[in-house]
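K.L.:
Pasting in a structure now, in structure tokens, and then I'll have a few things to ask.
The values are calculated or read from the model by the stated rules, or taken from the named source; none is laboratory data. Everything numeric here is computed off the predicted structure, so don't read it as measured data. All Cβ positions, even for glycine, are placed from backbone atoms using ideal geometry, and neighbour counts span all protein chains on display.
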Amino acid sequence: MATTHSTPTGDTAAARPYLDQIDRLKGELPGAALSRVRELRRDGRERFAALGVPTVRQEAWKYTSLRPLEKVAFEPATAAAAAGTHIDVLPTVRPAGQTGPRLVFVNGRLRADLSSTDGLPDGVVLTGLADALSSHADFVGERLGRLANADEHPLVALNTAVLADGPVLHIPRGVVLDDPIELVFVSAAADGRATVFHPRTLIVADPLSKAVVIEHHVGPGGAPTFANHTAEVFVGEGATLRHYKVQREQTDAFHVSHAAATVCRDACYDNFILTSGARLSRNEVHAVLDGTGASCHVSGAYLVTGEQHCDTTTLIDHARPYGTSREVYKGAIDERARAVFQGKIIVRPGAQKTDGHQLNRALLLSDTAEIDSKPELEIYADDVKCSHGATAGELDDEALFYLRSRGIPKEEARGLLIASFLAEAIDEIPEEPVRDAFAAIATGWLAARRGGAR
Amino acid sequence: MAATHETVEQVRALAEQKYKYGFTTDIDAETAPKGLNEDIIRFISAKKEEPEWLLQWRLRAFEAWKTMQEPHWPKLDYGPIDYQDAYYYAAPKLKNKPKSLDEVDPELLRTYEKLGIPLKEQAILAGVEGTEGQAPAIAVDAVFDSVSVATTYKAKLEEMGIIFCAISEAVHKCPELVQKYLGSVVPYTDNFFATLNSAAFTDGSFVYIPKGVRCPMELSTYFRINQANTGQFERTLIIADEGSYVSYLEGCTAPQRDENQLHAAVVELVALDNATIKYSTVQNWYPGDANGVGGIYNFVTKRGACRGVNSKISWTQVETGSAITWKYPSCILQGDNSVGEFYSVAITNNRQQADTGTKMIHIGKNTRSTIVSKGISAGRAQQTYRGLVKILPRAEGARNHTQCDSLLIGDQCGAHTVPYIESRNRSARVEHEATTAKISEDQLFYCRQRGLSEEDAVSLIVNGFCKEVLKELPMEFAVEAQKLVGISLEGSVG
């Protein structure tokens with residue numbers, strides 16, 4: 001098997017500037033008193049130095065080149081710049097005038113002045129990691145680095161080497177949060193300097209709890225930013241966690257995110273990612289169904305145009321019997337944009353009665369758009385039902401003709417068809433307000449597209 | 001239900017049979033010393049009395065090979081191969097063209113008999129003159145270790161201008177064709193195994209179908225590895241000129257030995273305007289025993305180029321043998337409106353491992369491809385479908401449909417699907433579907449209730465599962481393939 005032989009390593013030379021930054025930041029990072037955190041950071045640095053920046057010679061990065069990153073001299077984000085950045089309007093899925101629990105991070109650092117934890121039930125922890133490293137040291141110390149695998153994933157290793165701040169959410173046993181929790185991430189290049197930061201998210205849903213978490217990723221633009229997110233999500237027995245994300249950063253932003261979730265017995269993890277921003281983005285979701293009857297929905301929609309590159313990489317690991325997983329991804333790719341979908345389902349030996357389904361459909365809207373799709377099944381148990389489907393193509397001429405013959409102008413008809421195409425993915429979101437908000441974002445993208453060149 | 005009944009009968013008849021081609025032929029053979037170096041290549045080239053350009057081509061390939069690394073990306077687990085520990089040339093010592101059946105080495109005759117090739121044909125296979133022209137069914141080129149032993153129906157084919165002979169013969173007979181097309185689809189630098197083959201290939205078949213000719217019979221090659229520790233490196237080149245048609249069959253067996261034997265073949269197909277090539281394989285190399293001892297390592301590069309407009313290349317394969325299979329018959333669809341097809345049944349049992357699939361490269365306008373892959377994994381076997389569908393920007397209106405189904409029998413085996421889909425043309429439509437399932441209890445119960453044993457029932461269901469592919473095989477192979485499906489899965493239930 002390939003593992004017994006050396007696989008091509010990443011670009012260790014390209015890792016150099018980041019290693020220098022790690023060494024410079026070392027003294028300023030919070031939680032240095034905790035030995036577990038010190039070890040994590042040290043191991044992360046070591047692994048990153050050994051693994052290097054991923055290259056297209058590595059199978060997992062075959063279709064996504066991080067070369068463009070090398071052309072930018074990123075500076076680590078500073079606390080002062082984060083505190084001084086002015087934010088006008090914060091994105092939300094709530095109706096106008098309503099507020100709710102929310103954390104705002106600028107360049108990965110918590111802005112307490114913009115955040116609110118009012119109205120959360122007793123026992124729920126919602127705070128920044130920098131704060132939690134002192135206020136809940138044992139709690140975070142025990143869990144950090146347990147799910148996100150820094151040994152294999154160089155960018156997780158990099159994130160771990162300098163982990164400092166990011167959202168920490170703990171929902172105690174049996175607590176049901178009615179109000180969604182919003183996490184806003186603002187990427188801001190202070191004074192026009194290219195900025196890099198590595199937010200770390202930790203979500204722990206204890207048994208039988210229930211919560212909805214919505215991430216907004218935005219950026220005012222101006223200069224390139226590089227956000228390297230790592231999230232760890234624990235979903236306890238019988239818990240339900242719905243984890244939604246919308247990424248609308250400016251087209252000079254780089255956005256890389258790795259979410260690692262473990263789903264216990266009879267628990268349910270929902271993940272939906274809507275991507276329309278960033279020049280280069282990669283969303284990696286790894287969910288391990290680690291208890292009998294665990295389930296997950298990992299879906300998303302990507303809308304890219306111009307020179308954008310959007311990579312979606314998922315791994316659903318059925319480790320126990322009676323697990324179900326469902327994935328529906330839909331993408332619209334316009335102009336010279338390129339989308340990548342790599343979805344893998346593993347069914348471990350003994351994970352009988354697994355039901356896994358995956359679908360990726362891409363719509364190419366221009367002659368220069370490109371889709372690269374790699375749906376993968378790796379199955380070691382016989383009594384399972386697994387399937388995947390992938391399609392690529394353009395809008396159906398007959399459907400277009402149908403609409404046009406009823407007097408709908410061509411562009412409007414195309415818009416309708418694209419919207420309905422995307423709806424198949426967005427409809428996977430069971431929470432109505434989120435679904436509506438995401439559908440509105442997709443509609444907005446389509447309108448902006450129409451208002452453009454065509 | 002007659003056909004069904006027949007299948008079951010066949011399976012029953014063969015129930016006790018393990019690998020029936022596992023015998024060895026004790027025959028005088030001429031071998032080159034072990035290992036591969038420039039001298040061996042010169043020796044092989046000299047044996048074949050090759051022209052200088054071909055020797056130089058081989059040597060260039062050898063130079064390139066020395067700088068290459070064995071690929072480790074397939075999902076295959078095997079120990080290191082010592083490429084210097086194998087014989088690169090082995091040939092049965094044939095007397096000068098025997099005139100009658102009595103003069104042919106009886107051991108060689110018995111081999112053909114045991115392989116199930118009819119006696120009448122056998123006379124031809126052993127190189128006896130004077131029996132050709134009787135009841136033509138299939139023209140056969142038999143490759144025994146490193147050399148082509150005989151080619152049948154040559155004269156009849158020649159009347160139509162068809163060239164069907166050993167490639168070593170073609171080098172002399174029609175050097176301009178060989179020089180023009182050899183390595184034009186699979187260049188000598190293509191990959192580790194193809195490059196090794198380019199340096200060391202010993203024999204194989206050559207086919208040329210002239211303009212507008214429809215080849216009147218199935219052409220067939222029968223590959224047999226006999227010598228111990230011998231690598232087989234055959235090279236097949238098929239050229240279908242404008243408007244021609246050919247159907248080609250390939251079969252393979254090897255003796256049962258404890259050591260692993262290496263087989264690294266290259267097949268190149270070229271279809272010009274309006275030409276069609278149908279290439280069918282029943283690969284039944286010795287798969288090793290139940291504990292994974294022995295068996296053939298099968299590393300094969302097969303590729304067809306649809307150079308002309310409206311040309312078509314269709315690959316059909318039934319892969320039941322080999323300890324390790326690494327094989328991706330591919331189509332390069334260059335000509336506008338050209339068509340590529342890949343139909344595959346791969347069965348792995350015991351400790352067999354297979355990493356197989358196809359590549360469809362759409363370059364021309366309105367090119368179409370169909371992929372149907374059926375994988376059956378049993379025992380402790382691991383099987384992977386790995387495929388690429390690539391649509392280049394100029395491939396307006398290209399169309400692909402891929403269907404990959406896997407069937408698992410038992411909880412110790414694995415079935416994996418790794419398709420790559422790259423589309424750079426919006427008018428192209430690409431669809432990929434894959435499913436994995438097991439034989440349902442309901443199906444089994446239904447069959448058992450009607451008095452079929454569990455093994456017969458499984459064979460029946462699996463044959464049904466594969467039907468889509470098996471129906472693409474020429475008649476001659478379809479029956480054998482059906483039997484193979486049953487035998488290969490033996491011992492996988494209960």
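K.L.:
Going by the conditions given, is B:T24 at pLDDT below 75 and buried (at least 19 other Cβ atoms within 10 Å of the Cβ)?
P.N.:
no
K.L.:
Restricting attention to the range A:114-137, report how many residues are among the acidic types (D, E) and within 12 Å of A:G31 (Cβ to Cβ).
P.N.:
Total satisfying the criteria: 1.
K.L.:
Might you let me know whether the range A:15-22 holds any residue that is modelled with pLDDT of 90 or more, farther than 28 Å from A:R109 by Cα, buried (at least 16 other Cβ atoms within 10 Å of the Cβ) and away from every other protein chain (no Cβ under 14 Å)?
P.N.:
no
K.L.:
Something else: Test each condition in (1) under 18 Å from A:G393 (Cβ atoms); (2) in a loop (DSSP other than H, G, I, E, B) for B:R380 and report the one that comes out false.
P.N.:
So B:R380 meets the others, but not (1).
K.L.:
Additional query: Given A:R404, A:R435, which one is within 16 Å of A:V328 (Cα to Cα) and more than 7 Å from chain B (Cβ to nearest Cβ)?
P.N.:
The conditions single out A:R435.
K.L.:
Can you tell me which of B:T236, B:T301 is β-branched (V, I, T), buried (at least 23 other Cβ atoms within 10 Å of the Cβ) and under 22 Å from B:W73 (Cα atoms)?
P.N.:
Sole residue among the options that is β-branched (V, I, T), buried (at least 23 other Cβ atoms within 10 Å of the Cβ) and under 22 Å from B:W73 (Cα atoms): B:T301.
K.L.:
Would you check if there is a residue in the range B:352-374 being more than 27 Å from A:G393 (Cα to Cα), away from chain A (no Cβ under 13 Å) and either touching a residue at least 12 places away in the same chain (Cβ under 8 Å) or in contact with a strand residue (DSSP E or B) (Cβ under 7 Å, 6 or more places away or on another chain) (or both)?
P.N.:
There is at least one residue in the range B:352-374 that is more than 27 Å from A:G393 (Cα to Cα), away from chain A (no Cβ under 13 Å) and either touching a residue at least 12 places away in the same chain (Cβ under 8 Å) or in contact with a strand residue (DSSP E or B) (Cβ under 7 Å, 6 or more places away or on another chain) (or both).
K.L.:
Still on this structure, please answer the following. Which residue out of B:S377, B:S406, B:S423, B:S459 is touching a Gly at 6+ places or on another chain (Cβ under 6 Å), crowded, with 24+ Cβ neighbours inside 10 Å and within 10 Å of chain A (Cβ to nearest Cβ)?
P.N.:
Matching residue, one of B:S377, B:S406, B:S423, B:S459: B:S406.
K.L.:
Looking at the range A:347-373 only, could you name the residues that are surrounded by fewer than 21 Cβ atoms within 10 Å (Cβ to Cβ), closer than 18 Å to A:L289 by Cβ and either facing chain B (nearest Cβ under 9 Å) or in contact with a helix residue (DSSP H, G or I) (Cβ under 9 Å, 6 or more places away or on another chain) (or both)?
P.N.:
Passing the criteria: A:P349, A:G350, A:Q352.
K.L.:
A further question on this structure: Pick from the range B:319-346 the residues that are in contact with a helix residue (DSSP H, G or I) (Cβ under 9 Å, 6 or more places away or on another chain) and modelled with pLDDT of 90 or more: which of them is farthest from B:V270 (Cα to Cα)?
P.N.:
Per the stated criteria, the residue is B:V345.
K.L.:
Look through the range B:351-377, keep the residues that are among the small types (G, A, S) and not in a loop (DSSP other than H, G, I, E, B), and return whichever of them is farthest from B:Y297 (Cα to Cα).
P.N.:
Going through the qualifying residues, I end up with B:S369.
K.L.:
Within the set of pairs 6+ apart or on separate chains, which have a first residue in the range A:50-73 that is closer than 23 Å to B:E422 by Cβ, a second that is assigned to a strand (DSSP E or B) and among the acidic types (D, E), and C-beta atoms under 6 Å apart?
P.N.:
Once the first residue is closer than 23 Å to B:E422 by Cβ and sits in the range A:50-73, its partners that are assigned to a strand (DSSP E or B) and among the acidic types (D, E) give A:T55/A:D11; A:Y63/A:D372; A:T64/A:D311.
K.L.:
OK, next. Of (1) assigned to a helix (DSSP H, G or I); (2) facing chain B (nearest Cβ under 9 Å); (3) of a type in the set (V, I, T), A:I418 satisfies all except one. Which?
P.N.:
(2)
K.L.:
While we're on this one: Got a number for residues in the range B:50-93 being surrounded by 15 or more Cβ atoms within 10 Å (Cβ to Cβ) and of a type in the set (D, E, K, R)?
P.N.:
4
K.L.:
Please find, within the range A:183-215, the residue that is farthest from A:F139 (Cα to Cα) out of those that are among the charged types (D, E, K, R) and in contact with a Ser or Thr (Cβ under 6 Å, 6 or more places away or on another chain).
P.N.:
Looking at residues that are among the charged types (D, E, K, R) and in contact with a Ser or Thr (Cβ under 6 Å, 6 or more places away or on another chain), I get A:K210.
K.L.:
List every residue pair whose Cβ atoms sit under 6 Å apart, with the two residues 6 or more apart in sequence or on different chains, where the first one lies in the range B:262-276 and is assigned to a strand (DSSP E or B) and the second, anywhere, is at pLDDT 95 or above and among the hydroxyl-bearing types (S, T, Y).
P.N.:
What qualifies is B:V266/B:T301; B:V270/B:Y181; B:A271/B:S311; B:T276/B:Y245.
K.L.:
Of the residues A:E376, A:E398, A:E411, A:E335, only one is among the acidic types (D, E) and within 10 Å of chain B (Cβ to nearest Cβ); which?
P.N.:
Testing whether each residue is among the acidic types (D, E) and within 10 Å of chain B (Cβ to nearest Cβ) leaves just A:E376.
K.L.:
If you go through the range B:144-162 one residue at a time, do you hit one that is outside any loop (DSSP other than H, G, I, E, B), within 22 Å of the chain's Cα centre (by Cα) and at pLDDT 90 or above?
P.N.:
no
K.L.:
Follow-up. Exactly one of these conditions fails for B:G295: (1) surrounded by 23 or more Cβ atoms within 10 Å (Cβ to Cβ); (2) more than 18 Å from B:T358 (Cα to Cα); (3) out of contact with any Asp or Glu (no Cβ under 9 Å at 6 or more places or on another chain). Give me its number.
P.N.:
Every listed condition holds for B:G295 apart from (3).
K.L.:
Taking the range A:248-265, which residues are among the acidic types (D, E) and either crowded, with 24+ Cβ neighbours inside 10 Å or over 16 Å from A:H309 (Cβ atoms) (or both)?
P.N.:
Hit for the range A:248-265 is A:E249, nothing else.
K.L.:
Tell me, which strands (runs of 3 or more DSSP E) lie completely within the range A:133-246 with 1 or more residues that are closer than 20 Å to A:V285 by Cα and of a type in the set (G, A, S)?
P.N.:
Fully inside the range A:133-246 and qualifying: A:200-205, A:210-218, A:225-235.
K.L.:
At least 2 residues that are among the aromatic types (F, W, Y) in each: list the helices (runs of 4 or more DSSP H) lying fully within the range A:16-124 that qualify.
P.N.:
Passing ranges: none, list empty.
K.L.:
Being among the small types (G, A, S) and more than 9 Å from every other protein chain (Cβ to nearest Cβ), is that true of even one residue in the range B:448-455?
P.N.:
Yes, some residue in the range B:448-455 is among the small types (G, A, S) and more than 9 Å from every other protein chain (Cβ to nearest Cβ).
K.L.:
What number of residues within the range B:178-201 are farther than 24 Å from B:Q69 by Cβ and either buried (at least 21 other Cβ atoms within 10 Å of the Cβ) or out of contact with any helix residue (DSSP H, G or I) (no Cβ under 7 Å at 6 or more places or on another chain) (or both)?
P.N.:
5
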